[in-house]
Every structure is written in C-alpha cells, then in structure tokens.
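Let me begin by presenting the structure, written as structure tokens, before commenting on it.
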Amino acid sequence: MYKVACDEEFIMSSEEQRRELQRRIWQIANEVRGAVDGWDFKQYVLGTLFYRFISENFKAYMEAGDESINYARFPDDKITDEIKDDAIKTKGYFIYPSQLFENIVLNANKNENLNTDIASIFNSIESSAEGYPSQDAIKGLFADFDTTSRRLGNTVKERNSRLAAVLKGVNDLQFGKFENNEIDLFGDAYEFLISNYAANAGKSGGEFFTPQSVSKLISRLAIEGQTKVNKIYDPAAGSGSLLLQAKKQFDEHIIEDGFWGQEINNTTQNLARMNMFLHNVNYDKFNIALGNTLLNPYFKNDKPFDAIVSNPPYSINWIGSDDPTLINDDRYAPAGVLAPKSKADFAFVLHSLSYLSSKGRAAIVCFPGIFYRGGAEQKIRKYLIDNNYVETIIALPSNLFYGTSIAVNILVLSKHKTETKTQFIDATSENFYSKETNNNVLNPEHIDSIIKYFMEKKDVKYVSKIVDNDYIADKNGYNLSVSTYVEQEDTREVIDINELNKEIARIVEHEAQLRTEIDKIVAEIEAGA
C-alpha cells in the first residue's frame, strides 16, 4: 500500500518501488536534459542518493530512537569532540546537523553558493574519517560528484539550478526507511540508468552489469548449504551487487566477517563502497579495494574465503605470457599455463580458485567459449577436472544482461567434493525464465528450480547430468560444454508419416476429381460454342 506522506511509514511492493524510482529519475533527467550527458548524469543522481541516505542513517544513529531529539535542529557548535569522536568510531564518518541533506535541500533553490557548499560538505564528510580505521572506506567517495563542473552549466547560476533540481528530485523519492525497502534502491537506480544509457556505459571492455536476478542465483550457489561462511569475496566487484545479494538472502550471522572485493575502475569502486553503506554494512564489515585483480591482487593475507561470487569481464586482454614472472604466481602456477593474452577469463577463474577455502564454493559467470576452445584453455580445464575442482556448470538463457544478448554459463568451483564427478545443468529452456520488455529474467521460482537441481545432484532428462571426470577427460578431451552432456529436448511437433502420406493421398485424389470435373465443364462449354 502506497501513502504519499513524507513523514509517514509506508509499505511498498517491489514493483511499485521500482516504478516510482524510475519515474523520479526521468523527472530529474528532464530537469537537467541538454546540459549533462546521460552517463555523467548518473554520478549526480547516485551521489545525491548516497548523500541523502547517509544523512538519514547518521541522523537516526545520533537520535538513537529518542523521538524528543531532532538532530537536524541541533546547533553545530554544541557538538563536542567526544561526541564526534565516538560517532566516527562507530559510523566511520561524521555529519554536522547543518550539513544534513534535509537542511541543504530546504533552501537549495535560493542558495547562491549551493555548488561550493555541497563540495565543502562532501570534503568535510570524507576528511572526518582521516586518522580513523574507516579512512580507506570513506576516502574519495564523492570524487565523481563534481559540483563545479561545466558539465552542469557554464555559469554558477546554471550549475546551482541543476544541482537544486537533482536535490529536489531525490528528496521527493518516497521510500520510507531505506533498510526496509524490498529492492536494492541504489542498485536499481544503477541498473536502470545503465539499461537506458547502454550506448555509453557498462559494456566496454567486455563488462556487463549483473542483473539482480542473476546476482541472486550466483550468491545462492556460493552459499547454499553452508551454515556459516567466514567472509564473501568478489574479485571483480563492480558496484557490489553480487556481494549485497548474499546479504539480502541469508541471515546476518551466516556471513561472519563481512564483504570483500576488488575493482579496477575507480568510479565503480566508489559506487560499491557507497552501496555497502547504503545497505547498513558498516565500514568495519567491508573492504572494497581499488586495483587490477589479475596483476596486483589484494587480500593475499586475508584469504581463504568460504564464498566467492563473480561476474568478471568477458574475454578481455591481459599481459599474460608477455610477463614471464606470472607463470610463477601461486594462483596460476598449478595449472602450468597462463590464460591466453586475448582472453583473460581463466585467469579470473584461477585467481578465485586460489582464494577459495577448503570448505567453500565459488560461483563465477563465464563466457561459454572457454569451456570448449583448445590450447591453453583446454590445459586449464584439464587441471581443474583432474584435480576435481569443478562442481557444476550451468547454462543460462540468452538475453539476461543489459547491452548484450549473449548466453552465459555459471562455473561453480569447490575443493571439498566427495566424488570425482561433474554436474551439468541446462537452464536455457523456457521453463527457466520469463520475458520482460527487452530482456529475459530469472524469477524467484526459476532460481529455486535451478538451486534444487544443483543441490540434488541427480540425472534429470533434458536438464541435469552427472558425468564421471574420466569420461570428460578420455571421451571428450576435457570439453565442458553443457550441450555435450545434457540432451536438449526436441520440442518440434511430432509428425506421423503414415498419417501424413494418407492425407497427401486424399489431397491428390481430391485434386484429380476436381480436374476431371473442370475438364468436363470445359468440354461442355466448347461443345456449346
């Protein structure tokens, strides 16, 4: 039920929230149209969303449920060093009352210094963490929100006008308490903007944003059946959606030490850190590092991880054999060969395997070609099968991802298998997806069905096949394509050839009769003439 009331609690269905979010985003877009490029515009919307919600989060913390306290009306000069220090140690940052989103948006249209005021507030929030354990988690969060940029307008007045429009638009989003939302508000905004500005974003270098339905499946594959995991890790973290799906779907106590990831793109890393805060993951429960996972991996001293989820970029170039030292890297050395320079897919796979614990599981989105191509990729498959690391390979329907119709596979790795067998699941049929607008979607019942087959490990005609590793090696040369092992159901109409021949005979006979009658009519006409 939706209630239009700023200060009232309300409950909203997922679809209602999503539609409202998208409507508001387009409303804001229309306010700044012509001045800000679509993909640049994303930074201002998401940055403002983040600013609003950390303000509300911090305000709620300072008020501690005491309805007699309104932190937004508290004088800044009454904040003692002790209060500030305690808040930063707990929340990771500090926001003065005057700096809260609700106070800035009140007079945004009249504030001639709006752009510089916002820049100053963002700098203050980031610098408040300096010297504290949260420093790395906070630093640079607002780097992409440039309030002085000419992209917002050529004059200060134009820039302020457009900033005020974004602030007002985000302020009008009526979702109640953020933590009670049924959908990933921040992730939904990101996903929506990517899908609408796909020409400029999210798909360069083989990268594709992971839709929430796919994220849910991957996180469940990595954690299902485990009563607890030490921590969950994504070596190509993106905006953090895969990690956060695990938080949403499992009880808090299951993931003990939090969420870890590495991302090569600075803007996306900022989004991931924002996303963590927006989902009440405190700074001491996440660590999203910036850097090249394949060449400069973080967390060597923090592995192993009980759960790994990942959607690495497909078939990107990397230095590979041009760096002779990489073959000695303890992640790649066991396979005896490096992933091809033009296809780094298996480099990400071997990295994940190296960081996986003996009790854990990794679920990785993969380009199907790596499962049947020869050369170095075949040798890496040999290493994985001979050492019994491949638990399951799942073929998913095409057209699940924004910006591409590619059909992907999910590779599930495990170091604790009890049988030397590999499972193949074909989830490409219409039983495993529904079509929505331009994309296919995995609904909850589809995800449940795939998980059921995954956990049961049984042969099911046209869906699941359990294959001995020796057969994969000796009979198929380590080919791991799902279609090699799972027979596809022939859905073509079955034709009875005997009945067809009888029908043809009837048609021929009828045709002969018609021709005889026509000839008779023609003869009568000619005789009369």
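Determine the dipole magnitude for the chain: charges of +1 sit on the beta-carbon of Lys and Arg, -1 on that of Asp and Glu, nothing else is charged, the reference point is the Cα centre, and the result goes in debye to the nearest 20. All intermediate terms of the calculation are to be shown ahead of the outcome.
Values: 58 positive and 77 negative charges, 224 e Å.
The dipole magnitude comes to about 1080 debye.
Looking at the chain, the DSSP beta bridges with both ends there are about 50 percent antiparallel. For the range 154-169 versus the range 99-113, the spacing of their alpha-carbon centroids is 11 Å. In a fully extended conformation the segment linking residue 158 and residue 60 would gain 31.9 nm over its present Cα-Cα distance, using 0.36 nm per residue.
What translational diffusion coefficient, in µm²/s and rounded to a whole number, does the Stokes-Einstein relation yield for the range 348-387 at 20 °C and a viscosity of 1.002 mPa s, taking the hydrodynamic radius as the Kirkwood radius over Cα pairs? Here the translational diffusion coefficient equals 191 µm²/s. Please name which of 242, 72, 336 has its Cα lying farthest along the dipole of the chain towards the positive end, using unit charges on Cβ (Lys, Arg +1; Asp, Glu -1) and the Cα centre as origin. Positive-end residue among those listed: 336.
Once the gyration tensor of the Cα atoms in the range 279-363 is diagonalised, the equivalent ellipsoid follows with semi-axes of 24, 15, 13 Å, ordered largest first.
How long are the three semi-axes of the equivalent ellipsoid for the range 216-362, computed from the Cα gyration tensor as the root of 5 times each eigenvalue, in whole Å, largest first? Please list the in-between numbers first.
Working: eigenvalues 135, 57, 31 Å².
Equivalent ellipsoid semi-axes, largest first: 26, 17, 13 Å.
Alpha carbon centre of the range 430-455 versus the range 366-385: separation in Å? So the separation of the two Cα centres works out to 27 Å.
For every helix of n ≥ 4 consecutive DSSP H residues, a contribution of -39,500 (n - 2.57) applies; sum these over the chain, divide by its total residues, and give [θ] at 222 nm rounded to the nearest 500 deg cm²/dmol. Spell out each step's value before the answer.
Numbers: 17 runs with 221 residues, N = 529.
Calculated at 222 nm, the ellipticity per residue is -13000 deg cm²/dmol.
Per-peptide packing, taken as the mean over residues of other Cβ atoms within 10 Å, places 386-393, 321-328, 122-129 in the sequence 386-393, 122-129, 321-328 from highest down. Binning the alpha carbon pair distances of the range 355-444 at 10 angstrom intervals from zero yields the distribution 16, 42, 29, 13, 1, expressed in whole percent. Pairs of lysine residues in the range 419-529 that meet both criteria, 8 or more places apart or on different chains and Cα atoms under 27 Å apart, total 16. Across q = 0.21 Å⁻¹, the range 404-529 modelled as identical point scatterers on its alpha-carbon atoms has Debye log10 I(q)/I(0) values of -1.26, in the order of the q list. Each 10 Å bin, from zero up to the one with the longest distance, holds this percent of the alpha carbon pairs of the range 276-329: 16, 40, 33, 10, 2. I'd like the carbon and sulfur percentage of the solvent accessible area for the chain, probe radius 1.4 Å, heavy atoms only, ligands and nucleic acids excluded. Carbon and sulfur: 47 percent of the exposed surface of the chain. Excluding ligands, DNA and RNA, the accessible surface per residue across the chain is 48 Å² with a 1.4 Å probe. Annotation for the range 431-484: chymotrypsin sites (Phe, Trp or Tyr not before Pro) lying in DSSP loop with at most 16 further Cβ atoms inside 10 Å of their Cβ are 462.
Here r is the Cβ-Cβ distance between residue 475 and residue 417 and R0 is 35 Å; the resulting FRET efficiency, rounded to 0.05, is 0.95. Coordinate range of the alpha-carbon atoms in the range 59-113 per principal axis, descending: 34, 24, 19 Å. Packing order of peptides 241-247, 139-145, 515-521, 379-385, highest average first: 241-247, 379-385, 139-145, 515-521 (average count of other Cβ atoms within 10 Å over each peptide's residues).
The convex hull built on the alpha-carbon positions of the chain has an orientation-averaged projected area of 38.3 nm².
In this structure the amide hydrogen of residue 359, modeled in the peptide plane, comes within under 5 Å of no amide hydrogen from residues 5 or more places off or on another chain.
What order do you get for 153-163, 92-102 when each peptide is scored by the mean count of other beta carbon atoms within 10 Å, highest first?
Working: 153-163: 17.2, 92-102: 20.1.
Per-residue Cβ counts within 10 Å, averaged per peptide and sorted highest first, yield 92-102, 153-163.
Mean silhouette area of the range 240-317, derived from the convex hull of its C-alpha atoms and averaged over all directions, reads 5.6 nm².
How big is D for the range 312-408, in µm² s⁻¹ as a whole number, if Stokes-Einstein is applied with the Kirkwood radius of its Cα pairs at 10 °C and 1.306 mPa s? Display every interim value, and only then the final one.
On the way: Rh = 14.2 Å.
Calculated translational D: 112 µm²/s.
Centre-to-centre, using Cα atoms only, the range 281-305 and the range 497-520 are separated by 76 Å.
The values are calculated or read from the model by the stated rules, or taken from the named source; none is laboratory data. Because the structure is predicted, anything quoted here is derived from the model rather than measured. Neighbour counts are summed over all protein chains in view; Cβ atoms, including those assigned to glycine, are modelled from backbone coordinates with ideal geometry. To get the accessible areas, we keep the full protein, side chains included, count just its heavy atoms, and leave off ligands, DNA and RNA. Shrake-Rupley method; radii C 1.70, N 1.55, O 1.52, S 1.80 Å.
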